[in-house]
Amino acid sequence: MEIKFRIFRFDPDVDAQPYYKEYFVQAQGNERVLDCLNRIKWTQDGTLGYRMSCAHGVCGSDAMRINGKCGLACQKLVKDFDSGEILVEPLPSFRPLKDLIVDMNPFFERVAQIRPYLIASDTPEKERLQSPEDRKKMDLAIRCILCACCSASCPVANRDDAFRGPAPLVQAFRRIFDSRDEEKLQRLDQLNNKEGVWSCVNHFECTRACPKEIPVTKCINLIKAEIKKTG
Ligand code: SF4
Ligand code: SF4
Ligand code: FES
């Protein structure tokens, strides 16, 4: 079948304004949007800019907005869009650098602020042991690939720059509920404000957008509950 793609284009070195360009692609229903972008780039327009790496939902680099919803181009199938027309745009509220490539630095800076790594004072000779029960407490967040689909979909983060957004909170969740981490209370304290968990108003857009099916809103609510529990 023939699919019409409308793709956001913007090269700040050349274009005064962003614009949309149309491309027509022959594709099977079970091909992915990423396959179509590759076909456009390789056979029609080598100037089209987008990120990709693994092509299998692992690296998180091809997050974009497809027909109004944030997702990974390597996970969205042509048959998911039965109108025969697919609109492709960069992640909303992220600064476009070129076409579908956005500036991810502010996002990763926010993630870095929550210290997304194990903090422990000792250096064991062997691995740090953790019981299966304790390991399970982190399960909800373990699959995060830092694609930013959740943060880009959050209406609160999009209008309030001070809010850290859901992805850093998912990263925080993973460490707060890690039995081996020694800074749980400091981590909860860091998020006990409007920049942290309390600006989240349960829109669930983040949860709907997550390509790894992480219950993002639930993670945030569990952090809220832990803050109340620990006082
Ligand atoms: S649940 Fe919270 S973080 Fe997720 S989209 Fe809604 S306000 Fe944003
Ligand atoms: S929680 Fe999901 S949507 Fe958000 S960054 Fe992680 S994988 Fe992406
Ligand atoms: S290209 Fe790696 S997640 Fe899609």
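Numbers at a glance
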quantity: 20 Å reach of a label modelled at T123, 7 Å along Cα-to-Cβ, counting backbone N of region 158-197; calculated: 180-183
quantity: Cysteines not pairable in the chain (beta carbon separation under 4.7 Å absent); calculated: C36, C74, C144, C147, C154, C200, C210, C219
quantity: Reachable lysines, given that their alpha-carbon falls under 22 Å from the alpha-carbon of K228 and they are not under 8 places away in the same chain; calculated: K136, K137, K184, K194, K218
quantity: Modelled FRET efficiency - R0 22 Å, W198 with R95, Cβ distances, 0.05 increments; calculated: 0.25
quantity: Alpha-carbon spread of region 105-230, three principal axes, descending order, Å; calculated: 47, 30, 27
quantity: Percent of alpha-carbon pairs separated by more than 34 Å within the chain; calculated: 24 percent
quantity: Helical mean residue ellipticity (222 nm; -39500 (n - 2.57) per DSSP H run of 4+; nearest 500) of the chain; calculated: -8500 deg cm²/dmol
quantity: Least to most buried among W198, W42 (fewest other Cβ within 10 Å first); calculated: W42, W198
quantity: Which of R128, R187 has the fewest Cβ neighbours within 10 Å, and the rest in rising order; calculated: R128, R187
quantity: Helix 166-176 axis, angle to the chain major axis (alpha carbon atoms, nearest 10°); calculated: 30 degrees
quantity: Span from the region 151-214 Cα centroid across to the region 131-150 one, whole angstrom; calculated: 13 Å
quantity: Under 29 Å from the Cα of K79 - lysines, other chains or at least 8 residues apart; calculated: K4, K21, K41, K69, K98, K212
quantity: Dipole magnitude of region 105-230 about its Cα centre (Cβ charges: Lys, Arg +1; Asp, Glu -1), debye to nearest 20; calculated: 320 debye
quantity: Radius 11 Å from Cβ of C150, net charge of other residues (Lys, Arg +1; Asp, Glu -1); calculated: +1
quantity: Neighbour-count order for D178, D82, D103, D13, fewest beta carbons within 10 angstrom listed first; calculated: D13, D82, D103, D178
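None of the figures in this text is laboratory data; all of them are computed from the coordinates on show. If you're wondering where the values come from, they're calculated on a predicted model, not measured in any experiment. Cβ: placed from backbone, ideal geometry, glycine included. Neighbour counts: every protein chain shown.
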